[in-house]
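These notes are about the structure you will find just below.
The values are calculated or read from the model by the stated rules, or taken from the named source; none is laboratory data. Worth saying up front: this structure is predicted, and the values here are computed from it rather than measured. Don't worry about glycine lacking a Cβ; one is built from the backbone with ideal geometry, like all the others, and counts go over all protein chains shown. Heads up: the accessible areas ignore ligands, DNA and RNA and are worked out on the full protein's heavy atoms, side chains in. Shrake-Rupley method; radii C 1.70, N 1.55, O 1.52, S 1.80 Å.
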Amino acid sequence: MRKLLLSLTALAAVMLFACSEAKSDESAHERDVFAMDTFMTMKAYGSGAEKALGSAEDRIHELEDELSVTEQDSDISRINSAGGEAVSVSADTALLVEAGVSYWQETAGALDISVYPVLAEWGFTTGEYHVPDAETIARLLEKVNAGAVEVGADTVQIPADSMIDLGALAKGYTGDEIMAIFRDNGVKSAMISLGGNVQALGSKPDGSDWRVGIKDPFTPDTNMCVVSISDKAVVTSGNYERYFTGDDGTVYWHIIDPKDGYPADNGLVSVTVIGDSGLRCDALSTALFVAGTDEAQTYLREHTDVDAVLVTDDGRLLYTDGIADKLENVSSMPAEVIARD
Ligand code: AMP
Ligand code: MG
């Protein structure tokens, strides 16, 4: 009897432990942050989640203070106003500027962090939009050349009359940094959304994939497809994210083609890149948007470490084979698979 009682007590203790374990692992901890001009949401599970979310929030603000093109004391503002001198910067800034220069090379100039003076002239930083005249664009384009950006161990130097902006990469890197903080705090399941950047750590607490909706660029309040992923970044660049309509009725958007200084209009209205690195996905979503329908597919055939979902301006959905059985097309757009070896 005594033995039975003991083992019953032990069983109860184990059950209690199991319950409290399951409970703490399943409870979602959430945090909303407004930073980098973006409404950000984070959800993490497990006992380390609350602490991880606090550290993630601090890190987001730290990165914003370093990388913002509008905050006066940021590394980027100091680089842009240095009159051609080398500027001491944080390790984050040096890493991202270096990445910007590498992606400029890798994407044949489609991603160019020095396109900023042109972008600013269109009013995309201030919201005071206008269509610049052709001479102004031509004059500003002369300064656009990521090849002239020099990165040292902890310095960045750009020509006196040029300016850089990490808007195409910063949120992707921020996502990677948040994932690292979550991991360091023992979090095994988490999901964040930083505007068009979604990133997942592990799978859902029940072991199933996260389901990430991708907006329909023609009706951005609805999804066009849902992808099932775990441990991946899903980053979208779309023409619907920031745009204005000119007096001539034309819609102009915030992703600029460094070849001509006008909003990139090379056949694509939305590009989503899915891969392990938020930074890589972010750089490529912008670059492939600029590269356009044909060049983006060529790039994707040559770089199979990432998957992508492209939407053409004539309403076709193109996606790479690696994501084919994880993608559900909920739109009426016809879909084609980009086959790779
Ligand atoms: P994303 O939303 O990641 O596609 O980044 C778009 C942002 O990147 C814009 O708001 C600009 O700040 C910046 N940008 C626009 N065009 C380019 C370009 N061709 N290369 C690099 N950055 C760009
Ligand atoms: Mg990007």
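Shape summary of region 132-193, radius of gyration then Dmax from alpha carbon positions: 18.3, 55 Å.
Under the criterion of Cα pairs below 8 Å and six or more residues apart, the relative contact order for region 203-309 equals 22 percent. The modelled label-to-label distance between F218 and D314, using points 7 Å beyond Cα along the C-beta direction, is 1.3 nm.
For A120 and Y262, the difference between the fully extended length at 0.36 nm per residue and the C-alpha to C-alpha distance is 49.9 nm.
May I ask for the equivalent-ellipsoid semi-axes of region 297-341, computed as the square root of five times each C-alpha gyration tensor eigenvalue and listed largest first in whole Å? So the equivalent ellipsoid measures 18, 12, 7 Å along its semi-axes. So, in Å, what gap is there between the alpha-carbon centers of region 284-303 and region 67-119? With region 284-303 and region 67-119 each reduced to a Cα centre, they are spaced 22 Å. Look at the dipole of the chain built from charges on Cβ: of T298, Q105, I164, the Cα furthest out on the positive end belongs to T298. For the chain, the C-alpha radius of gyration divided by 2.2 N^0.38 Å, with N the number of residues, is 1.12. Expressed as a whole percent, the proportion of Cα-Cα pairs in region 175-222 lying more than 14 Å apart is 56%. Relative to the compact-globule estimate of 2.2 N^0.38 Å, the Cα radius of gyration of region 242-281 comes out at 1.47.
If you wrap region 109-213 in the convex hull of its Cα atoms and look at it from every side, the mean projected area works out to 9.9 nm².
Fully extending the segment from T136 to T41 would add 30.3 nm, taking 0.36 nm per residue of separation and subtracting the current Cα-Cα distance. Taking the dipole about the Cα centre of the chain, with the C-beta of Lys and Arg at +1 and of Asp and Glu at -1, give me whichever of A91, V131, A264 is farthest to the positive side. Looking along the dipole axis, the top candidate is A91. In the structure shown, the pairs K171/K204; K215/K259; K51/K326; K188/K215; K143/K171; K43/K188 are assessed against 21 Å; a Cα-Cα span above that value is assigned to K171/K204; K215/K259; K51/K326; K188/K215; K143/K171.
For region 206-340, the spread of Cα coordinates along the three principal axes comes to 52, 31, 26 Å, biggest extent given first. Computed on the chain, with alpha-carbon pairs under 8 angstrom and 6+ residues apart, the relative contact order is 15 percent. Looking at region 100-166, the GluC sites (Glu not before Pro) that sit in a DSSP loop and have at most 14 other Cβ atoms within 10 Å of their own Cβ are E128, E142. Distance from the alpha carbon centroid of region 161-188 to that of region 201-220 works out to 19 angstrom. When a 1.4 Å probe is rolled over the protein heavy atoms, the share of accessible surface on the chain that falls to carbon and sulfur comes to 50 percent.
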